[in-house]
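Data block below; observations after.
Each reported figure results from applying straightforward, stated rules to the coordinates on display, with no laboratory input. Model, not experiment: these values are computed from the prediction. Please note: Cβ atoms are built from the backbone with ideal geometry, for glycine as well, and neighbour counts cover all protein chains shown.
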Amino acid sequence: MPEQPRSRRQTRAAILTHLLQSGGSFRPPLAKAVRLSEASLSRILFDLKAEGLIEEIRRPAPYVGGPTGLVSLDGSVALGAVELTGQWLSVGVGNFSGELRYTERVPLPTEPTTEAVGLVFREALTLLRDWTRRRRIRLAQIGVTIPGLGRLSVSGNPIIPCDVDRIGEMFDAMFADLPVAFTNSVVAHATFHRYRTENYPFSDAHLFVFVGQGVAGTWMDNPGEDEALQPVELGHMVFEAGGPRCRCGHHGCVEAYTSLPAVAELLRTTEAELLQLGNEWVTTISLTPRVRQELRQRLFRLGLAIGNTLNVKPCRGVAVSGWPSLLADDDRKAVIDGIDACLLGGRKLAQVNLAFVPPSNGNDPQSALAFAAFCLARSGGMPAASTEAA
Ligand SMILES: [Zn+2]
């Protein structure tokens, strides 16, 4: 098939996203990966280096007669991260490899209103602006993540009340000319895993499912210049009209059974305590046979929601991140059984691979930072200075 000609931006994006995913590459494998001759690659790398986006470290190559320059993203590029969670708003400044130089968390009130969340944003953005100003740091890109952000949230966010348009205006006023990108939290967690998790199980298109404070998914494209990330609200499939109330306002959503707060309630503890115990809670809290049985039933429902999503849009791979990843295979099998029970033809016939990746909740603002890095790379280092939803 003849190849589509690529724009300068697309070629630069292919190089930068490859470097983001690989963490660094020698020139010949990089040229091959982005389908360029070494001479063309050389010209583009020259520009990217002059713009301070990449660096090349002389290093002996792992093969005879090989090149000696390891190309990687420039560690001095400063990225801004702004991540809204159920407890607080995190802001930070970090680099392409996920190292944070600055972080601050401004707590949300227990009963947040649009007004109060706006004030929290104002306070946190002022901290971020002052910190960067004092050090004369210019942010190359800011990534902002908000739970439940999507088409609906134009008129009001059903998860955490906030006015995204007004927050956008705040960024314009405080960070004029800086590229700012907003996204749904699940999209940011998906980019965090794809670009930061070592040995991430999928390198091509798949569905990423996040089970944390909420339950949601992201359709992941093949990585590259036009990689699109589409949030999918699979957590709000209703399984029992008279079931427990969900934070979206409906009753009996799969999220109301399988989110971390819902599981905390089942375990007679709180989400904050589970987050504090980290990955150890599965071994620290002993499960009675009744609780274990209930957990499996809930995981089965999660599997049904995933299977239903795949019925609507078939996809060969599913990565699940969150508390289910901490459980033993025996317990997690309930997710697979749920998928099998509703996916047309079952998981095997539909050739769906399922992989569990570690939870990434509680690490804010790492996901927003990963999303900022992704946005800058995907724009080819030529971001449009406007607020746009990804
Ligand atoms: Zn819901």
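Springs between alpha-carbon atoms under 10 Å, Gaussian network over the chain: tell me which of PRO28, PRO314, PRO179 tops the mean-square fluctuations. Comparing PRO28, PRO314, PRO179 in a Gaussian network model of the chain, the most mobile one is PRO28. Roughly what angle does helix 289-312 make with the longest principal axis of the chain, taking Cα atoms, 0 to 90 degrees, to the nearest 10? Its long axis makes an angle of about 50 degrees. Computed over the stretch 57-151, the percent of Cα pairs more than 15 Å apart is 67. Between ARG134 and GLU51, the FRET efficiency from the beta-carbon distance, with R0 = 22 Å, is close to 0.35.
Taking the Cα atoms of the stretch 198-357, the ratio Rg/Rh between the radius of gyration and the Kirkwood radius comes to 0.96.
Dipole magnitude for the stretch 198-357: computed about the Cα centre from +1 point charges on Lys and Arg Cβ and -1 point charges on Asp and Glu Cβ, it is near 660 debye.
Counting other Cβ atoms within 10 Å as a rough exposure proxy, the listed residues ILE44, ILE57, ILE15 run ILE57, ILE44, ILE15 from fewest neighbours to most.
For the chain, the longest principal axis of the Cα atoms and the long axis of helix 366-378 meet at an angle of about 40 degrees.
Can you find, among VAL254, LEU274, TRP219, the residue sitting farthest towards the positive end of the charge dipole of the stretch 198-357, where Lys and Arg contribute +1 and Asp and Glu -1 at Cβ? Sorting the options by dipole projection puts first VAL254.
Annotation: amide H-H contacts under 5 Å for TRP88 (H modelled 1.01 Å from N, sequence separation of 5 or more, or interchain): LEU108. Taking a ≥ b ≥ c as the square roots of the eigenvalues of the Cα gyration tensor, the stretch 8-57 is classed as rounded, since a/c falls below 1.5.
What is the order of THR132, THR218, fewest Cβ neighbours within 10 Å to most?
Values: THR132 18, THR218 27.
By the 10 Å Cβ count, ascending, the order reads THR132, THR218.
Between the listed residues THR11, PHE26, LEU48, the Cα displaced farthest toward the positive end of the dipole of the stretch 8-57, a dipole computed from Cβ unit charges relative to the Cα centre, is found at THR11. Placing one equal scatterer on every Cα of the stretch 327-379 and applying the Debye formula, the log10 ratio I(q)/I(0) at q = 0.13, 0.20, 0.29 Å⁻¹ is -0.58, -0.78, -1.09.
The alpha-carbon of LYS313 sits under 21 angstrom from the alpha-carbons of these lysines, leaving out residues fewer than 8 places away in its chain: LYS348.
Using +1 on the beta carbon of Lys and Arg, -1 on that of Asp and Glu, and nothing else charged, what's the dipole of the stretch 8-57 about the Cα centre, debye to 20?
Values: 8 positive and 5 negative charges, 52 e Å.
Result for the stretch 8-57 is approximately 240 debye, rounded to the nearest 20.
The angle between the Cα long axis of helix 329-342 and the main principal axis of the chain comes to about 90°, on a 0 to 90 degree scale.
For the stretch 170-181, putting each phi into the Karplus relation 6.51 cos²θ - 1.76 cosθ + 1.60 with θ = phi - 60° gives couplings of 4, 4, 4, 6, 8, 10, 3, 6, 8, x, 10, 10 Hz, in residue order, rounded to whole numbers and with x for Gly and Pro.
Exposure proxy ranking for ILE54, ILE306, based on other Cβ atoms within 10 angstrom of each Cβ and starting from the fewest, stands as ILE54, ILE306. Cross-link reach is defined here as a Cα-Cα straight distance under 26 Å, omitting same-chain residues fewer than 8 places apart; for LYS32 the lysines meeting it are LYS49. Loop-resident trypsin sites (Lys or Arg not before Pro) (DSSP state other than H, G, I, E or B) in the stretch 256-321 with no more than 11 further Cβ atoms inside 10 Å of their Cβ: ARG268.
Dipole magnitude for the chain: about 780 debye, using +1 per Lys or Arg Cβ and -1 per Asp or Glu Cβ, origin at the Cα centre. Using R0 = 25 Å, the C-beta based FRET efficiency linking LEU344 and LEU287 works out to 0.15. Label reach from ARG268 (point 7 Å along Cα→C-beta): in the stretch 276-302, amide nitrogens under 12 Å belong to 286-288, 291.
Between SER379 and any residue 5 or more places off or on another chain, the built amide H atoms are never under 5 Å apart.
For the chain, the C-alpha radius of gyration sits at 1.02 times the compact-globule guess of 2.2 N^0.38 Å, with N the residue count.
Extension gain, SER40 to THR114: 0.36 nm times the residue separation minus the Cα-Cα distance gives 21.6 nm.
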